[in-house]
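Below is one structure, written out as structure tokens, with a few remarks after it.
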Ligand SMILES: [Zn+2]
């Protein structure tokens with residue numbers, strides 16, 4: 001372990017256990033952002049998955065650590081507290097996108113630790129396959145779905161003027177995965193149409209199954225999980241014209257209202273992207289709260305339509321003390 005890493009772990013821990021830390025966090029809340037919980041930790045450790053995936057052992061470890069240091073509460077207990085703040089800081093878990101693994105791998109561990117969570121669904125995908133270009137392209141290039149589709153996609157990328165870098169042939173899995181991560185990030189400069197066309201060239205299996213309504217209702221009935229909208233098609237809201245933007249928000253809101261018993265009055269921006277126009281539209285569709293992706297602690301005076309969150313990667317889930325370091329930095333900001 002490097003000195004820097006050790007320093008972050010130790011000072012983060014000291015912060016949470018000091019009177020300064022307790023005072024700064026008194027009455028405040030920490031909202032965590034997760035995406036996927038895979039069935040295997042080694043798969044989640046790879047750099048191209050690390051940001052959006054955690055493994056079951058790491059998630060179990062994270063939940064144990066959270067319950068020791070925080071009051072793990074439903075999101076609305078932070079946004080609209082009904083009880084006097086307790087001595088410990090509050091934390092709420094949120095999951096974006098509505099991955100099926102939230103039901104398969106995350107829920108049993110939430111149940112074990114009795115930790116509540118909120119899941120934000122891209123409503124067009126419920127009960128079908130998620131259309132996330134980065135997931136389909138990454139996993140196809142990684143070879144998860146076989147050599148033939150991998151070679152085919154490499155050809156298509158070449159035709160699109162994005163040849164695969166040689167580093168992706170590296171024998172070392174971690175290096176290959178890191179090169180893949182950088183390459184896929186570089187594709188963000190392509191247009192939505194180009195990315196769509198490339199996604200079409202990936203095998204169907206590369207589009208993961210989303211949660212279906214039966215799973216949504218079963219999770220809701222557990223009393224531990226609530227749901228909110230995360231766009232309909234997961235389009236980046238700031239890039240839509242007024243009419244499409246309104247349709248996207250309305251469609252996702254209506255789907256949740258029809259499918260859930262008690263949908264959250266909280267919108268969750270795809271990619272976290274929002275501006276004054278998007279926030280106004282979300283407010284006009286009766287959402288008093290919305291979640292972004294900027295980092296910070298929630299206090300009662302935060303902008304309710306761009307609430308800050310802390311992203312949880314596999315690295316952070318394995319070393320939750322790093323999270324207290326980030327909270328400490330966020331509290332000082
Ligand atoms: Zn998302």
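Would you confirm whether any residue within the stretch 191-204 is at pLDDT 95 or above, touching a helix residue (DSSP H, G or I) at 6+ places or on another chain (Cβ under 7 Å) and over 30 Å from residue 158 (Cβ atoms)?
no
So, in the stretch 314-325, of the ones that are under 17 Å from the mean Cα position of the chain (by Cα) and under 24 Å from residue 88 (Cβ atoms), which residue ends up surrounded by the most Cβ atoms within 10 Å (Cβ to Cβ)? I'd like the intermediate steps shown before the answer.
Pass one, the stretch 314-325, residues under 17 Å from the mean Cα position of the chain (by Cα): 314-318, 320, 323.
Those left that are additionally under 24 Å from residue 88 (Cβ atoms): 316-318, 320, 323.
On the way: 316: 22, 317: 28, 318: 19, 320: 21, 323: 24.
The extreme case among them is 317.
Has the stretch 294-308 got any residue that is in contact with a helix residue (DSSP H, G or I) (Cβ under 6 Å, 6 or more places away or on another chain), under 27 Å from residue 218 (Cα atoms), assigned by TED's automatic domain parsing to the domain that holds residue 233 and surrounded by 18 or more Cβ atoms within 10 Å (Cβ to Cβ)?
no
Can you confirm whether residue 138 is in the same structural domain as residue 269 (by TED's automatic domain parsing), surrounded by 13 or more Cβ atoms within 10 Å (Cβ to Cβ) and not in a loop (DSSP other than H, G, I, E, B)? Walk me through how you get there before you give the answer.
Details: in the same structural domain as residue 269 (by TED's automatic domain parsing): no; surrounded by 13 or more Cβ atoms within 10 Å (Cβ to Cβ): yes; not in a loop (DSSP other than H, G, I, E, B): yes.
Spelling it out, it is not the case that residue 138 is in the same structural domain as residue 269 (by TED's automatic domain parsing), surrounded by 13 or more Cβ atoms within 10 Å (Cβ to Cβ) and not in a loop (DSSP other than H, G, I, E, B).
Going by the structure shown, is residue 262 assigned to a helix (DSSP H, G or I) and modelled with pLDDT of 95 or more? Don't jump to the end; show me each part of the working.
Values: assigned to a helix (DSSP H, G or I): no; modelled with pLDDT of 95 or more: yes.
When the stated conditions are applied, residue 262 does not pass them.
Can you tell me which residue within the stretch 87-102, out of those that are more than 16 Å from the ligand (Cβ to nearest atom) and in a strand (DSSP E or B), is modelled with the lowest pLDDT?
Per the criteria, the residue is 90.
Please tell me if residue 67 is surrounded by fewer than 22 Cβ atoms within 10 Å (Cβ to Cβ), in the same structural domain as residue 164 (by TED's automatic domain parsing) and away from the ligand (no atom under 16 Å from the Cβ).
Numbers: surrounded by fewer than 22 Cβ atoms within 10 Å (Cβ to Cβ): yes; in the same structural domain as residue 164 (by TED's automatic domain parsing): no; away from the ligand (no atom under 16 Å from the Cβ): yes.
Here the answer is no, as residue 67 does not meet what is asked.
When you look at residue 124, is it within 16 Å of the ligand (Cβ to nearest atom), over 18 Å from residue 318 (Cα atoms) and not in a helix (DSSP H, G or I), yes or no? Full working, then the answer.
Numbers: within 16 Å of the ligand (Cβ to nearest atom): yes; over 18 Å from residue 318 (Cα atoms): yes; not in a helix (DSSP H, G or I): no.
In short, no.
Condition (residue is in contact (Cβ under 8 Å) with a residue 60 or more places away in the chain, assigned to a loop (DSSP other than H, G, I, E, B), within 16 Å of the ligand (Cβ to nearest atom) and within 22 Å of residue 269 (Cβ to Cβ)) applied to the stretch 103-116: is it met by at least one residue? Before you say what the answer is, go through the steps one by one.
Taking the stretch 103-116 and keeping what is in contact (Cβ under 8 Å) with a residue 60 or more places away in the chain, we get 103-107, 109-111, 114-116.
Checking the rest, the ones that are also assigned to a loop (DSSP other than H, G, I, E, B) come to 114-116.
If we keep only those that are within 16 Å of the ligand (Cβ to nearest atom) as well, we get none.
No; the residues of the stretch 103-116 include none that is in contact (Cβ under 8 Å) with a residue 60 or more places away in the chain, assigned to a loop (DSSP other than H, G, I, E, B), within 16 Å of the ligand (Cβ to nearest atom) and within 22 Å of residue 269 (Cβ to Cβ).
Hey, could you check the stretch 203-240 for residues that are in a helix (DSSP H, G or I) and crowded, with 17+ Cβ neighbours inside 10 Å and say which is farthest from the ligand (Cβ to nearest atom)? Before the answer, list the steps.
If we filter the stretch 203-240 for residues that are in a helix (DSSP H, G or I), which is where we start, we get 204-206, 213-221, 237-239.
Among the residues that remain, those that are also crowded, with 17+ Cβ neighbours inside 10 Å are: 206, 215-216, 219-220, 237.
Numbers: 206: 17, 215: 18, 216: 17, 219: 18, 220: 20, 237: 11 Å.
Filtering the stretch 203-240 for residues that are in a helix (DSSP H, G or I) and crowded, with 17+ Cβ neighbours inside 10 Å, the one farthest from the ligand (Cβ to nearest atom) comes out as 220.
Let me confirm something: among 157, 168, which residue is farther than 24 Å from residue 193 by Cβ, assigned to a helix (DSSP H, G or I), away from the ligand (no atom under 16 Å from the Cβ) and out of contact with any strand residue (DSSP E or B) (no Cβ under 8 Å at 6 or more places or on another chain)? Reasoning before the result, please.
Values: 157 fails: farther than 24 Å from residue 193 by Cβ.
From the options 157, 168, the qualifying one is 168.
Taking the stated definitions as given, is residue 279 in a helix (DSSP H, G or I), more than 16 Å from the ligand (Cβ to nearest atom) and closer than 18 Å to residue 95 by Cα?
Values: in a helix (DSSP H, G or I): yes; more than 16 Å from the ligand (Cβ to nearest atom): yes; closer than 18 Å to residue 95 by Cα: no.
Against the criterion (in a helix (DSSP H, G or I), more than 16 Å from the ligand (Cβ to nearest atom) and closer than 18 Å to residue 95 by Cα), residue 279 does not qualify.
The values are calculated or read from the model by the stated rules, or taken from the named source; none is laboratory data. Predicted model only: the values in this text are computed from it and were never measured. Glycine also receives a Cβ, built like all others from the backbone with ideal geometry; neighbour counts cover every protein chain displayed.
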